[in-house]
């Protein structure tokens, strides 16, 4: 009987470890998330509900890209008008990607700020509303480490969170944001647009995603309305931004003539 005790203890420890690992799996919903109404969009094992051109794969429970083929799109259902999206992401050195969650150029930027050229302009840096609103500060973790992203949209409010910090808070109906709204409009984005499929951008760089969770927000769901001040844009970055915008408008004009 004494010989069975160590085996029993070992078995209990193994079961505990497996149970903890399951509970802590990034591609699962916690009890709190289930209660809040989140849906798990990626279970770590299947691409069911997702569409791509053969260039995305699952590697050890993580979404990643290889080769050419474009974005990975969640087609099972569209993003609700008011919603909260949670996801984890990491990049390699110099990588660029993005999470698109409303129609047109409506993007949560994914980036290695330290190396990629877009990191020189806060308005195109990680967690920005790309080419619209800069985050309050660089809250990214070092390359190769997982970052926790979060997008909250309700009414005319758009929020981007990074690693537990709200870094963007935009109410596009507030006149103080009119220049930002116009900048995105010129790029091709309409902040009032609704009804897109979630899309993970393939920019040709190594990028990884997991723990993708979505819930609709109801009228009774409160959100944090604390204001956030975007980082300042340097004169040099503004010049580069205007040059990029000029190229966008010229390409669009040429395309319209074809």
Would you mind telling me which numbered condition in (1) touching a strand residue (DSSP E or B) at 6+ places or on another chain (Cβ under 7 Å); (2) on the phi > 0 side of the Ramachandran plot residue 155 fails? (1)
Go over the candidates 159, 145 one by one and state the one that is more than 21 Å from residue 50 (Cβ to Cβ) and assigned to a loop (DSSP other than H, G, I, E, B). 145
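Results for (1) surrounded by 20 or more Cβ atoms within 10 Å (Cβ to Cβ); (2) modelled with pLDDT of 95 or more; (3) closer than 30 Å to residue 45 by Cα, shown as yes or no for each residue.
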site	(1), (2), (3)
153	yes, yes, yes
169	yes, yes, no
193	no, yes, no
202	yes, yes, yes
215	no, yes, yes
Of the conditions (1) modelled with pLDDT of 95 or more; (2) surrounded by 14 or more Cβ atoms within 10 Å (Cβ to Cβ), residue 239 fails just one. Which one is it? (2)
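Answer yes or no as to whether residue 104 is at pLDDT below 95, under 16 Å from the mean Cα position of the chain (by Cα) and more than 25 Å from residue 142 (Cα to Cα).
yes
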Of all residues in the stretch 194-249, how many are outside any loop (DSSP other than H, G, I, E, B) and either more than 23 Å from the chain's Cα centre (by Cα) or at negative phi (or both)? 26
Filter result (touching a helix residue (DSSP H, G or I) at 6+ places or on another chain (Cβ under 6 Å) and either modelled with pLDDT under 95 or part of a strand (DSSP E or B) (or both)) within the stretch 107-140: 111, 133
Only one of these conditions is not met by residue 75: (1) surrounded by fewer than 20 Cβ atoms within 10 Å (Cβ to Cβ); (2) under 29 Å from residue 114 (Cβ atoms); (3) at pLDDT 95 or above; (4) more than 13 Å from the chain's Cα centre (by Cα). Which number is it? (2)
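What's the total number of residues in the stretch 60-69 that are in contact (Cβ under 8 Å) with a residue 24 or more places away in the chain and either touching a strand residue (DSSP E or B) at 6+ places or on another chain (Cβ under 9 Å) or assigned to a strand (DSSP E or B) (or both)?
Going through the stretch 60-69, the residues in contact (Cβ under 8 Å) with a residue 24 or more places away in the chain turn out to be 61-65, 68-69.
Going one step further and asking which of them are either touching a strand residue (DSSP E or B) at 6+ places or on another chain (Cβ under 9 Å) or assigned to a strand (DSSP E or B) (or both), we end up with 61-65, 69.
Summing the residues that are in contact (Cβ under 8 Å) with a residue 24 or more places away in the chain and either touching a strand residue (DSSP E or B) at 6+ places or on another chain (Cβ under 9 Å) or assigned to a strand (DSSP E or B) (or both) in the stretch 60-69 gives 6.
Here are 142, 135: which of them is crowded, with 21+ Cβ neighbours inside 10 Å and either out of contact with any strand residue (DSSP E or B) (no Cβ under 8 Å at 6 or more places or on another chain) or touching a residue at least 60 places away in the same chain (Cβ under 8 Å) (or both)? Break it down into steps so the answer makes sense when it comes.
Working: 142 fails: crowded, with 21+ Cβ neighbours inside 10 Å.
That would be 135, the only listed residue that is crowded, with 21+ Cβ neighbours inside 10 Å and either out of contact with any strand residue (DSSP E or B) (no Cβ under 8 Å at 6 or more places or on another chain) or touching a residue at least 60 places away in the same chain (Cβ under 8 Å) (or both).
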All but one of (1) loosely packed, with under 14 Cβ neighbours inside 10 Å; (2) touching a strand residue (DSSP E or B) at 6+ places or on another chain (Cβ under 9 Å) hold for residue 174, so report the exception by its number. (2)
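Listed here are the residues, each with its yes/no results for (1) closer than 26 Å to residue 150 by Cβ; (2) in contact with a helix residue (DSSP H, G or I) (Cβ under 8 Å, 6 or more places away or on another chain).
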position	(1), (2)
183	yes, yes
189	yes, no
194	yes, no
213	yes, yes
226	yes, no
234	no, no
247	no, no
253	no, no
257	no, no
Give the stretch 80-106 a look and list any residue that's crowded, with 19+ Cβ neighbours inside 10 Å and assigned to a loop (DSSP other than H, G, I, E, B), or say none. 95, 101, 102, 105, 106
Confirm whether residue 39 is over 14 Å from the mean Cα position of the chain (by Cα) and loosely packed, with under 14 Cβ neighbours inside 10 Å. no
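The values are calculated or read from the model by the stated rules, or taken from the named source; none is laboratory data. Computed from a predicted model, the values in this text were never measured in an experiment. No Cβ is skipped: glycine too gets one built from the backbone with ideal geometry, and neighbour counts run over all protein chains shown.
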